[in-house]
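As structure tokens, the structure follows; a few thoughts come after it.
The values are calculated or read from the model by the stated rules, or taken from the named source; none is laboratory data. Predicted model only: the values in this text are computed from it and were never measured. Cβ sites come from the backbone with ideal geometry, for glycine too, and all protein chains shown count toward neighbours. Only protein heavy atoms, including side chains, enter the accessible area calculation; ligands, DNA and RNA are left aside. Shrake-Rupley method; radii C 1.70, N 1.55, O 1.52, S 1.80 Å.
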Amino acid sequence: MSEPAPTTRPESDRLWRPDLVYSILLLISAIAAVALASADTGLLAGGYGPGTAGFFLVFGLFAIATGFPHPVFGHVSFDRIAQVMSILVLGPVDAAWVNALASLIYPWQRLRLGVSLRLVVTASLHNAGLMTFVILGSGLLYEYFGGAIPITTLDPVTGLLLLALVISMQAINDLGMMLMLYLRDMNPRLVFNRFTAVVEHVSGAAGIVLAFAFTNGPLPYFVLLLAVLATGILVIMKYALMRARLEKLVDERTEDLRVQAEEFERQATHDKLTGLPNRRHADSYLQQQVDLAQRRKRTGALALADVDHFKRINDGYSHAIGDQVLERVASILREGCRKTDFVARYGGEEFMLYFPDTGVDRAMQVCSELRQAVESADWSDIAPEFAVTISFGLAEIRDDAHSRTILDEADTRLYRAKREGRNRVIAA
């Protein structure tokens, strides 16, 4: 069985969440169903007393406790062994309330692990209610079609009925867990896992064998079989926990590698100082935009910008001050452009700006605003009366243009801006 596991939802979530309300209603319905099913015969009507019921309760708790984490969601336990065995010995009604009681008790140990009271209550009520319907529904169907309780023979017909019992229990359990996942805004398909399904069905087969030994074999034989099975459960649990730890380790290493790969990719395509795309990225981006303009007859504008007298800044104040200037200019350019615009450090003190779906007149207006923003920025923290200006050269993207041609045009106009006195924007 897969139990609802503690989630990472913040404790600020409201108390009466849909999953808790559903769990309360589910348990109330389960109690009513048991009461209705036992109205004529009462509880423990099959000839077994409280001692046998107590044994199944303890065994059920052991089977739940020796579980392991579900690969994606919740907790998988071996309680299907106790459930099937108790159905075939006690009958579906008594098996339902005994196993429901075990499912009601077990989640409370999570409080010592720091799980919130609301989550513990939700798990306790949900597990008890769901197990009641899993056992009662499947067990009564098994009885209805002629399944023997207590089980005394294993013939082909009984074998088919037992197979139907185990499959129907798994189906009802999965439907209940899917509904719980849906109420928790999670993907219901997370319930399905091949390894978990194998464990559940093998546990069902083990429960059948134990039930047959309990009702037909001598007590020492049953005790020996139970001890062997308990040892096997512990070995499987140890393997499953080791597998879960290895899968978690692999996931963590995979995530680390993904983050490193992304960082390497960023370092290869972005400038370390300014955080802007570098020349390699800019050339690739420009070629894509030129190709797009040729295919779809789209417009665009390219600007090359260069910090004026940058060599004087480096020589007169230091390269560290020069780096500060470049970082601040990069920030001004980025903040002054649209999210759809492209800003890159093209090399040294030079920047490249691309304005998609923008005419050269509008691009010139934007570059003029950027030029003014750089000039009017407060540079006094570097030195009194310290000033920085920038020049722009603009070129228009045409559907018959090539990236090299456009860059040459923008570079020519940038050179003209420098020649005519700097701190200006030159277009065609």
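Antiparallel beta bridges, as assigned by DSSP with both residues in segment 300-426, represent about 90 percent of the total such bridges. Surface composition of the chain: carbon and sulfur make up 60 percent of the accessible area, probe 1.4 Å. Membrane-span-like helices of the chain, defined as complete DSSP H segments with a Cα extent of 30 Å or more along the helix axis and a mean Kyte hydropathy of at least 1.6, are identified as 156-183.
Heavy-atom accessible area, probed at 1.4 angstrom with all protein chains present, ranks 254, 358 as 254, 358, highest first.
When peptides 27-34, 96-103, 138-145 are ranked by their average number of other Cβ atoms within 10 Å per residue, the highest-first order is 96-103, 138-145, 27-34.
Highest-first packing order for the peptide set 308-321, 383-396 is 383-396, 308-321, based on the mean count of other beta carbon atoms within 10 Å.
When the surface is traced with a 1.4 Å probe over the full set of protein chains, residue 44 keeps roughly 50 Å² accessible.
Among the listed options [x] 28, 58, 13, 1; [y] 25, 56, 18, 1, 0; [z] 21, 29, 16, 22, 11, 0, the one matching P(r) over Cα pairs in 20 Å bins from 0, in percent as calculated from these coordinates is [z].
To the nearest 10, the accessible area of residue 376 is 90 Å² with a 1.4 Å probe.
Only one residue of 31, 351, 111 has its Cα farthest out toward the positive end of the dipole of the chain, where Lys and Arg carry +1 and Asp and Glu -1 on Cβ, and that residue is 31.
Just the accessible area per residue of segment 246-378, please: how many Å² with a 1.4 Å probe?
57
Residues 337, 367 ordered from highest to lowest accessible area at a 1.4 Å probe: 337, 367. Measuring nothing but how far apart in sequence close Cα pairs (under 8 Å, 6+ apart) lie, relative to its length, the chain scores a relative contact order of 13 percent.
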